[in-house]
Amino acid sequence: MTAAQSAFFVLVTLAVALGVSLASVTYFRRVTLPRPAVGVFNGNDMVIMMGFVVVLPFLYLSLPGWLLPPVLGLTLAGGLAVGYGPVVRRGPLRWSLIAGLLVADWLTARSAEDDPTHATPYWLVNSLVIMLMAVGAANLNAQGGLKLRHVSRFALALAVYDLFFATVVPLTQKLFNAVQGYAFAPSAGLRVGEFGAVVGMGDLLVYALFTTVAYKAYGRAGLTWALGLVAVFGALVPTLTPVTVEALTGHLPQIVPAQIFFGPAAFCGYLVLRRRGPERRMADVRPPARFVTAHDKQEPASAATADEPWERSPREHSPVGS
């Protein structure tokens, strides 16, 4: 890997990881999702999610090549429809936009398959679809009641999972090879000629989820910590590690799972943040979208309401809520 390829790899990974994290927090601040019918999400839901993480790779690898894109496409369509219902409330318009995105993904994937030099449009469209999916899924869980302790433990479990399936059982590399080049591949990144950088959707979901829940729980302090951890241990360390290994040994590792670095770092970040006090809940965070009435404009805000609730200390909030 040349110096230019290494720089491209690092910068694109950093941009994608921080981009999805910031987009998720922006969604959290501006869009209020309805409460889930199953009640408040908790640690049990993280166990179920971990079960899906374990099972889905085997499912994908067992599918014939012609069936994989439809399965991935239907999964993305359902997730986008649920996650962006409050954003585009008119059902026909929402489904039209989703269909347009997925059709563009499929067409650009076919174009890239016919001529690899035309792969850039496919990666731009597919990355947009996957990042939108990660943002929506992260907010469904964050606004559904997940706490930072649940997310940090989930990230730690993923670190163990990725380490095992990247070194002992090479499942991660097989899955990566199996889905690349297909429409709706569960990864985001960019390929331009000999330059390339790819981040898996699972990694993006963890980054978005950890950042959003940290922001919900501890406001700006949580956001700052989370973005720093995502940048260093989610992007810089995982991308610089193979470059360093190649420089020292002459051998470039095929894959370096980011979660083996980010998982432990996220858990340690949670241990640091929890010293600030109890986590805030959704009931403690004022709905991000508020209409200002004429009455609101005439009456000056009191000291208690002048600041946004996500800037206050967790101890200033009511203990009632999800």
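Compared with the alpha-carbon gap, the fully stretched path from THR167 to VAL103 is longer by 19.4 nm at 0.36 nm per residue.
Close amide-amide hydrogen proximity is noted between VAL199 and ALA188, GLY189, each under 5 Å apart and 5 or more residues distant or on a separate chain (H modeled in the peptide plane; Pro and chain starts excluded). Extension gain for ALA283-ILE255 works out to 5.9 nm (0.36 nm per residue, less the C-alpha to C-alpha distance).
May I ask you to give the percent of accessible area on segment 54-164 that is carbon plus sulfur, with a probe radius of 1.4 Å? Heavy-atom surface of segment 54-164 belonging to carbon and sulfur, 1.4 Å probe: 73 percent.
Its Cα centre serving as origin, segment 68-140 has a Cβ charge dipole (Lys and Arg +1, Asp and Glu -1) of approximately 460 debye. Fully extending the segment from LEU240 to VAL272, taken as 0.36 nm per residue of separation minus the present Cα-Cα distance, adds 9.0 nm.
Derived scalar couplings between HN and Hα for segment 149-155 equal 5, 5, 5, 5, 5, 4, 5 Hz in order, rounded to whole Hz, by the Karplus curve 6.51 cos²θ - 1.76 cosθ + 1.60 (θ = phi - 60°), x for Gly and Pro. Working note: Karplus 6.51/-1.76/1.60 with θ = phi - 60° gives segment 157-170 the couplings 5, 5, 4, 5, 4, 5, 5, 5, 7, 9, 10, 7, 10, x Hz, where Gly and Pro are set to x.
The values are calculated or read from the model by the stated rules, or taken from the named source; none is laboratory data. Just so it is clear, the structure is predicted and the values come from calculations on it, not from any experiment. Cβ sites come from the backbone with ideal geometry, for glycine too, and all protein chains shown count toward neighbours. Calculation scope for accessible area: heavy atoms of the full protein, side chains included, ligands and nucleic acids excluded. Shrake-Rupley method; radii C 1.70, N 1.55, O 1.52, S 1.80 Å.
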